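The values are calculated or read from the model by the stated rules, or taken from the named source; none is laboratory data. All figures in this text were calculated on a predicted structure; none of them were measured in a lab. Here Cβ is always computed from backbone atoms with ideal geometry, including for glycine, and neighbour counts include all displayed protein chains.
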Amino acid sequence: MSKALSSMTSAKPSHLSRYPAGSAAFPHRNLLGIAGLESHEIEFLLDEAEQWVELNRQPQKRDDRLAGLTIINAFFENSTRTRLSFEIAGKRLGADVVNMNAAQSSVKKGETLIDTAVTLNAMRADAIVIRHASSGAVSLIAGKVDCPVVNAGDGQHEHPTQALLDALTLRQAKGSIAGLRVTICGDLLHSRVARSNMLCLTALGAEVRVCAPPALMPEGIEAMKVAPFHDFDAALAGADVVMMLRLQQERMEGQFVPSPREFRHLYGLTLDRLGKANSDAVVMHPGPMNRGIEIDSNVADIAGRSLITRQVEMGVAIRMACLDVLTRCHRRAEGWSA
Amino acid sequence: MSTPAPFTIRNGLLVLAEGAPRKGALRVSGGRIAALGNIQPDEGDTVVDAKGALIAPGLVDFGTFAIDKPAFHFGGITRAALMPDQSPALDHPARVRFAAQSGKPDLWVHPLGAATRALEGKELAELALMREAGALAVATGRHWIADSGTMLRLLRYAGMLGMVVVSHAEDGGLSGNAVATAGEMATRLGLPSAPAEAEALAAARDIAIAELSGARLHLRQVTTASALALVRAAKARGVAVTAGVTPAHFMLSDLAIGDFRTFARMSPPLRCEADRQAVLAALADGTIDVIASGHDPRGPEDKRLPFVDAEPGMAGAETLLALTLNLVRDGVIDMARAFALLAANPARLLGVDAGSLEAGLQADIALIDPDRPWIVNSDKMAASAGNTPFDRQPVQGRVTALWKGGARIVG
């Protein structure tokens, strides 16, 4: 037994028994979405991330397991926090991380997405992290490259690492996700975060409520095993977790709500409204926040109950876990040789 | 082109307007059907042995976006009604005249004149002059005319000229930038979507205006239960409305767009299973009059894109016949009705003397082996592009010979 595996076993005795051994624990080449993942695969990634939470709190935040690998962050849509989080994650694992800000690149010159993908592939990246404004664009690229692809957000479809980091944050704060009542409120229609979170939280056994005005409520959302609400107060009753989403004005064509002020009136998380939830309910937000619209400052910063900065912290650990796990076959890690 | 020599096809099954296909022969002379039934070849006729195949009218494909002869000939299509959505739009008599000649000598092309200039839905195009140039009907193109005043003027004017108005019934205010029908699939994929009622709203308005004007209206694609109910009710009241559909909407539901398959991106988008069932019922009960291919070949530059960025449409000419024959095998319709949907009804909309096997009509004839199996292969299509959602699907029914105006063009 290799040193790495034995140390893993001794550190977390429960770890190996909860899912299949080796690559069977996560038999996917890419991470394109939460859809298609088994709950034990989600838990595997969360468990893997725990070690990186610890490492990231040390003064020496370095592990060299990805040394020599090249990771390309291809962001076809503007992003600050997610790109930074992926960049830090890759660097802390020793990889060479390069950023491609495609919002101002050859894509603007008319190159097709497929051509861009083929170009990235020819540069022999060992993993590609992609964000794109169109739903499904990441899986399109994944079909054209030879290395693992991580979806960092595609249109209004999925943002799986956000859902995973939210789950990790919640698991740490509440001990377990099963049985929690989670209320997700805001612009559900345009939110990939909401879609991934609905899939992830229901897979892990949470009771999920979603709340939005009709114009921002996707049709047929009940099929995703969540309970839709229009009345925020009713949706908050008995909630253990309140997850707020911003209005994605940049994706809106036409008017979906009369005004931000009116939106706040009905759907803003004020301190008063938070009182409708359980007394120990925690507050989450994937960012960026519009303080004073969907969430008040005194709620966003509420000590002991706001997990918003914790979410950002967990983001780096989750992305380290994803990059580690997805490159294991390629690195011929013990039990992972493809 | 000189008049083709007379010939007789015998030992076949004639597909007539009613009843099961009947054993018999068909004689062509002077480019027209001279006689059919229990007849013998005239002296000097070339004799073609059908070997038990169907002798059917050539297909009249009502509403294609491209002229793609190899695909049409493969599919048994002898006449194509070309949509005005060309570049530039068929909104000028000269362009219509050019398009009308573009199929010669082995395909009839019937351009549908653009109802409005540049298909913008605002100013009426020169319908009478386009009719002179060969436009047998007018179409709103890929979009609906949102302005009801314009639509009323259009229907009154086209009605006066005896031209059918072909409308795309999708309310633009609701459909907006949608690429899918609102529902579970669109929600899971995170695709911009519009409620299926966008179609019923547009159909209701168009039918009301048709009723008001007394003019003939053809809704090129009716794909939802609610819009089909409106058409059914309007027909019962005697409104001069007809409806069409393409095989995608009776074969597929929006499950087909899973994995963001752009070959299944259609306009209007694929609907839920209940709507697909409603289309089948409407094909069976006569509410739907026309099955067309909507032939729109699109290469990778239009289709190998993220779903929302891809162009809608499919290369449908080659599979039109085989997929319609599915309906016959499944007992939804009989063979006579299949060819009413594929040939006789669209010919009537265009006002051409073809589309059925009757003495005196143009001899557009297809010999069809209705059971011959083949597999759709998007890599090896006759069409100029292989964008079909039916790739790798086994189907039955192949054209073995085709005549246009008595001249043999296939087989």
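Can you report the number of residues in the stretch A:209-234 which are surrounded by fewer than 16 Cβ atoms within 10 Å (Cβ to Cβ), within 14 Å of another protein chain (Cβ to nearest Cβ) and among the acidic types (Asp, Glu)?
1
Sort out which residues of the stretch B:128-143 are surrounded by fewer than 24 Cβ atoms within 10 Å (Cβ to Cβ) and of a type in the set (A, V, I, L, M, F, W, C), and write them in order of number.
B:Ala128, B:Leu129, B:Ala133, B:Leu136
Go through the stretch A:124-170 and report how many residues are of a type outside the set (Lys, Arg) and under 23 Å from B:Ala180 (Cβ atoms). Reasoning before the result, please.
Residues of the stretch A:124-170 of a type outside the set (Lys, Arg): A:125-130, A:132-143, A:145-170.
Pick out the ones that are also under 23 Å from B:Ala180 (Cβ atoms) and you get A:130, A:132-143, A:151, A:153-160, A:163.
Residues in the stretch A:124-170 being of a type outside the set (Lys, Arg) and under 23 Å from B:Ala180 (Cβ atoms): 23 in total.
Select, from B:Asp330, B:Asp379, B:Asp296, B:Asp302, the only residue that is out of contact with any His (no Cβ under 9 Å at 6 or more places or on another chain), within 14 Å of chain A (Cβ to nearest Cβ) and more than 28 Å from B:Val28 (Cα to Cα).
On the way: B:Asp330 fails: within 14 Å of chain A (Cβ to nearest Cβ); B:Asp379 fails: within 14 Å of chain A (Cβ to nearest Cβ); B:Asp296 fails: within 14 Å of chain A (Cβ to nearest Cβ).
One residue alone meets the criteria, B:Asp302.
Take the residues in the stretch B:54-97 that are within 21 Å of B:Ile375 (Cα to Cα) and surrounded by fewer than 24 Cβ atoms within 10 Å (Cβ to Cβ), then tell me which one is farthest from the chain's Cα centre (by Cα).
In this case the residue turns out to be B:Leu54.
Only one of A:Ile72, A:Ile88 is modelled with pLDDT of 95 or more and part of a helix (DSSP H, G or I); which?
Checking each option against the conditions leaves just A:Ile88.
Of all the residues that make up the stretch A:264-281, how many are in a loop (DSSP other than H, G, I, E, B) and closer than 28 Å to A:Glu77 by Cα?
Number of matching residues: 1.
From the set of residues in the stretch A:1-60 that are among the polar types (S, T, N, Q), assigned to a helix (DSSP H, G or I) and at pLDDT 95 or above, which is farthest from A:Met224 (Cα to Cα)?
From the stretch A:1-60, those among the polar types (S, T, N, Q) are A:2, A:6-7, A:9-10, A:14, A:17, A:23, A:30, A:39, A:51, A:56, A:58, A:60; that's our starting set.
Keeping just the survivors that are assigned to a helix (DSSP H, G or I) gives A:6-7, A:9-10, A:17, A:23, A:39, A:51, A:56.
When the remaining residues are screened for being at pLDDT 95 or above, the result is A:39, A:51, A:56.
Working: A:Ser39: 15, A:Gln51: 32, A:Asn56: 34 Å.
The selected residue is A:Asn56.
Being under 30 Å from A:Leu69 (Cβ atoms), without any contact (Cβ under 8 Å) to a residue 12 or more places away in the chain and either surrounded by fewer than 24 Cβ atoms within 10 Å (Cβ to Cβ) or in contact with a Cys (Cβ under 8 Å, 6 or more places away or on another chain) (or both), is that true of even one residue in the stretch A:156-166? Working first, answer last.
Taking the stretch A:156-166 and keeping what is under 30 Å from A:Leu69 (Cβ atoms), we get A:157-166.
Subset that is without any contact (Cβ under 8 Å) to a residue 12 or more places away in the chain: none.
Within the stretch A:156-166 (the criterion being under 30 Å from A:Leu69 (Cβ atoms), without any contact (Cβ under 8 Å) to a residue 12 or more places away in the chain and either surrounded by fewer than 24 Cβ atoms within 10 Å (Cβ to Cβ) or in contact with a Cys (Cβ under 8 Å, 6 or more places away or on another chain) (or both)), the answer is no, since none of the residues qualifies.
Matching residues to (1) at positive phi; (2) more than 14 Å from the chain's Cα centre (by Cα):
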{"position": "A:Pro148", "(1), (2)": "no, yes"}
{"position": "A:Gly153", "(1), (2)": "yes, no"}
{"position": "A:Leu168", "(1), (2)": "no, no"}
{"position": "A:Arg192", "(1), (2)": "no, no"}
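Could you please let me know if A:Leu245 is under 24 Å from A:Ser134 (Cα atoms), surrounded by 21 or more Cβ atoms within 10 Å (Cβ to Cβ) and not aromatic (Phe, Trp, Tyr)?
The answer is yes for A:Leu245.
Could you tell me how many of the residues in the stretch A:140-185 are within 14 Å of chain B (Cβ to nearest Cβ), in a helix (DSSP H, G or I) and out of contact with any His (no Cβ under 9 Å at 6 or more places or on another chain)?
So the answer is 4.
Hey, does the stretch A:282-296 have a residue that's more than 24 Å from A:Gln248 (Cβ to Cβ) and surrounded by fewer than 19 Cβ atoms within 10 Å (Cβ to Cβ)?
No, the conditions are met nowhere in the stretch A:282-296.
Any residue at all in the stretch B:194-209 that's surrounded by fewer than 24 Cβ atoms within 10 Å (Cβ to Cβ) and within 14 Å of chain A (Cβ to nearest Cβ)?
The answer is yes; a qualifying residue exists.
Return the total of residues in the stretch A:186-208 being in a loop (DSSP other than H, G, I, E, B) and within 14 Å of chain B (Cβ to nearest Cβ).
Within the stretch A:186-208, residues that are in a loop (DSSP other than H, G, I, E, B) and within 14 Å of chain B (Cβ to nearest Cβ) number 5.
If the requirement is being among the aliphatic types (A, V, I, L, M), within 14 Å of B:Ser167 (Cα to Cα), without any contact (Cβ under 8 Å) to a residue 60 or more places away in the chain and in contact with a helix residue (DSSP H, G or I) (Cβ under 6 Å, 6 or more places away or on another chain), which of these qualifies: B:Ala125, B:Ala115?
On the way: B:Ala125 fails: within 14 Å of B:Ser167 (Cα to Cα).
After applying the criteria, what remains is B:Ala115.
Do we have any residue at all in the stretch A:114-131 that's part of a loop (DSSP other than H, G, I, E, B) and farther than 19 Å from A:Leu69 by Cβ?
Initial filter on the stretch A:114-131 (part of a loop (DSSP other than H, G, I, E, B)): A:123-126.
Filter once more, keeping what is farther than 19 Å from A:Leu69 by Cβ: none.
Checked the stretch A:114-131: no residue is part of a loop (DSSP other than H, G, I, E, B) and farther than 19 Å from A:Leu69 by Cβ.
Looking only at the stretch A:114-126, decide whether some residue is of a type in the set (A, V, I, L, M) and within 30 Å of A:Pro260 (Cβ to Cβ).
Let us first name the residues in the stretch A:114-126 that are of a type in the set (A, V, I, L, M), namely A:114, A:117-118, A:120, A:122-123, A:125.
Among the residues that remain, those that are also within 30 Å of A:Pro260 (Cβ to Cβ) are: none.
No, because not a single residue in the stretch A:114-126 is of a type in the set (A, V, I, L, M) and within 30 Å of A:Pro260 (Cβ to Cβ).
Only one of these is over 17 Å from the mean Cα position of the chain (by Cα), under 28 Å from B:Gly299 (Cα atoms) and of a type in the set (Asp, Glu): A:Asp115, A:Asp64, A:Asp126. Name it. Spell out how you get there, then give the answer.
Details: A:Asp64 fails: under 28 Å from B:Gly299 (Cα atoms); A:Asp126 fails: under 28 Å from B:Gly299 (Cα atoms).
Going through A:Asp115, A:Asp64, A:Asp126 in turn, the sole match is A:Asp115.
Of the residues A:Val282, A:Val242, A:Val257, which is in contact (Cβ under 8 Å) with a residue 24 or more places away in the chain and over 20 Å from the mean Cα position of the chain (by Cα)?
On the way: A:Val282 fails: over 20 Å from the mean Cα position of the chain (by Cα); A:Val242 fails: over 20 Å from the mean Cα position of the chain (by Cα).
Checking each option against the conditions leaves just A:Val257.
Please give the strands (runs of 3 or more DSSP E) falling wholly within the stretch B:1-57 in which 3 or more residues are touching a Gly at 6+ places or on another chain (Cβ under 9 Å).
Strands (runs of 3 or more DSSP E) meeting the threshold: B:7-14, B:22-29, B:32-37, B:54-57.
Considering only residues that are part of a loop (DSSP other than H, G, I, E, B) and modelled with pLDDT under 95, look in the stretch A:91-113 and name the one that is farthest from A:Gly315 (Cα to Cα).
A:Gly110
Name, by its number, the condition in (1) crowded, with 20+ Cβ neighbours inside 10 Å; (2) more than 22 Å from B:Ala347 (Cα to Cα) that does not hold for B:Thr3.
All conditions are met except number (1).
State yes or no: is A:Asp187 surrounded by 24 or more Cβ atoms within 10 Å (Cβ to Cβ), of a type in the set (D, E, K, R) and within 21 Å of A:Ser139 (Cα to Cα)?
Spelling it out, it is not the case that A:Asp187 is surrounded by 24 or more Cβ atoms within 10 Å (Cβ to Cβ), of a type in the set (D, E, K, R) and within 21 Å of A:Ser139 (Cα to Cα).
Would you point out the residue of the stretch A:247-263, among those that are part of a loop (DSSP other than H, G, I, E, B) and of a type outside the set (Gly, Ala, Ser), that is nearest to A:Glu294 (Cα to Cα)?
A:Leu247
Out of the stretch A:298-338, which residues are in a loop (DSSP other than H, G, I, E, B), in contact with a strand residue (DSSP E or B) (Cβ under 6 Å, 6 or more places away or on another chain) and free of Cβ contacts under 8 Å to residues at least 60 places away in the same chain?
Within the stretch A:298-338, A:Arg305 is the sole residue that qualifies.
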